[in-house]
Amino acid sequence: MTFRDDALAGQHIVISGGAGAIGVGIVRKLVEHGAQVTVNDIVAPDEARQRLQTAGVKLESTHYVQADLTLEADVRRLIAAAREKFGPVHNALCHVGTVFPGPLLDITLAEWEKTQSVNVTTAFLLGQAAAKAMIEDHIQGQLIFTSSWVAQVPWPEIGPYNASKAAMNQLMRSFARELATEGIRANAIAPGIVGVGLAKWQWDTDPTYRARAQKAIPLGDMQLLDSVADAFLFMCSPASRYMTGSILTVDGGCSLYPMD
Ligand SMILES: NC(=O)c1ccc[n+]([C@@H]2O[C@H](COP(=O)([O-])OP(=O)(O)OC[C@H]3O[C@@H](n4cnc5c(N)ncnc54)[C@H](O)[C@@H]3O)[C@@H](O)[C@H]2O)c1
């Protein structure tokens, strides 16, 4: 994408789940455009560093904080560590997410609760803590939530995940509404079927999955990681300054119509 290399210069961005398959690509893009990034994940620091390095991230512009964001104390510790290292936070990316596949009739209560906790509670806790820090630091910053096209079109056999992303969208809109008077914005990015991690493995190894996914993507191919990262670059940049309460859908058309 043709953003200047210094498009994010002077910005401090916090991302949860930043050592995951998509997270490392986002971190790389943000750092390449001049941001300092506090990366959170639940994995051990050595593992996180290795994943970031393998993805080509310049580690000197990053700071890793291992924390479980389902826990309020860990979220507070993350924001405190982030501010201490790189100063006030300008963008907080509520990006962590998980999925338990299976038909709704077989999903256990534990799987349902874990999905909502990891996908929605972490977003609430990080959004709240980051916004409080922005207000304290007099920063008119932004919360960015990683949603999904399946918030609109229910992909079969991930019902709790579909519901969690719909909840996240409305949480984002609520933050947007309540924080507008502080000059703090909230937006979401809804990617499609991204060609990394589990989805890529299924695409490569499971012909049934591949046939279903191909049918669901009007543009045909799996989404490139770089296209997800570009959406985050845009949203973190001043180019998004008049957006709040929006869902930026970048899904190759997946959400245009029901897949069946
Ligand atoms: N993969 C896709 O096709 C796709 C499409 C649309 C949206 N998304 C969303 O993008 C985000 C990242 O997805 P991904 O495919 O990179 O998944 P991933 O599993 O590779 O990454 C998620 C990361 O979150 C971390 N994590 C889990 N629980 C945590 C906790 N309690 N506290 C802190 N970190 C925790 C994991 O260790 C992992 O590194 C998710 O929100 C997902 O819903 C993914």
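Per-structure values
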quantity	calculated
Normalised contact order of the chain, rounded percent, pairs of Cα under 8 Å and 6 or more residues apart	18 percent
Rounded to whole Å, sorted largest first: equivalent-ellipsoid semi-axes of region 152-260, Cα gyration tensor	29, 16, 11
Percent accessible area from carbon and sulfur atoms, region 210-260, protein chains only, probe 1.4 Å	59 percent
Reachable lysines from LYS165, criterion Cα separation under 18 angstrom, eight or more residues apart if same chain	LYS114
Most fluctuating residue given options ILE107, ILE22, ILE184, as computed from a GNM of the chain linking Cα atoms under 10 Å	ILE107
Long-range amide H partners of ILE158 with built H, under 5 Å	GLY102
Charge dipole (debye, nearest 20) of region 72-118; +1 at Cβ of Lys and Arg, -1 at Cβ of Asp and Glu	340 debye
Neighbourhood charge, 14 Å Cβ-Cβ cut-off, centred on ILE135 and excluding it, Lys, Arg +1 and Asp, Glu -1	-1
Cα-only Debye scattering, region 13-104: base-10 log of I(q)/I(0) at q = 0.16, 0.25 Å⁻¹	-0.58, -1.34
Normalised contact order of region 1-60, rounded percent, pairs of Cα under 8 Å and 6 or more residues apart	37 percent
Charge dipole magnitude, Cβ of K and R +1, D and E -1 - the chain, Cα centre, debye nearest 20	380 debye
ASP226 versus GLN214: modelled label distance in nm, points set 7 Å from Cα along the beta carbon direction	2.4 nm
Under 5 Å, built H, 5+ apart or other chain: amide partners of THR249	ALA190
Longest to shortest principal axis, alpha-carbon extents of region 131-181, angstrom	44, 15, 13
Relative contact order (%) - region 138-260, alpha-carbon pairs under 8 angstrom, separation at least six	33 percent
Carbon/sulfur fraction of accessible area - region 115-204, other protein chains in place, 1.4 Å, %	52 percent
Extent along principal axes [Cα atoms of the chain; Å; largest to smallest]	49, 38, 36
Sum of -39500 (n - 2.57) over DSSP H runs of 4+, divided by residues of the chain (222 nm, nearest 500)	-13000 deg cm²/dmol
Average accessible surface area per residue within the chain, 1.4 Å rolling probe, Å²	47 Å²
Fraction of accessible area attributable to carbon and sulfur, region 55-113 (%, probe 1.4 Å)	56 percent
Between helix 72-86 and the chain: long-axis angle, C-alpha atoms, 0 to 90°, nearest 10	50 degrees
Charge dipole of region 128-231 about the Cα centre (unit charges at C-beta), most positive-ward option of ALA133, VAL228, GLN152	GLN152
Listed residues THR38, THR205, THR146, most fluctuating in the chain (Gaussian network, C-alpha, under 10 Å)	THR205
Estimated FRET transfer efficiency (ALA239, ALA73; beta-carbon r; R0 45 Å; 0.05)	0.80
Residues with amide H under 5 Å from that of GLY141, placed H, sequence gap 5 or more	ARG185
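The values are calculated or read from the model by the stated rules, or taken from the named source; none is laboratory data. Keep in mind the model is a prediction, meaning the values are calculated, not measured. Methodologically, a virtual Cβ is constructed for each residue, glycine included, from the backbone with ideal geometry; neighbour enumeration extends over all protein chains shown. SASA here: full protein model, heavy atoms, side chains in, ligands and nucleic acids out. Shrake-Rupley method; radii C 1.70, N 1.55, O 1.52, S 1.80 Å.
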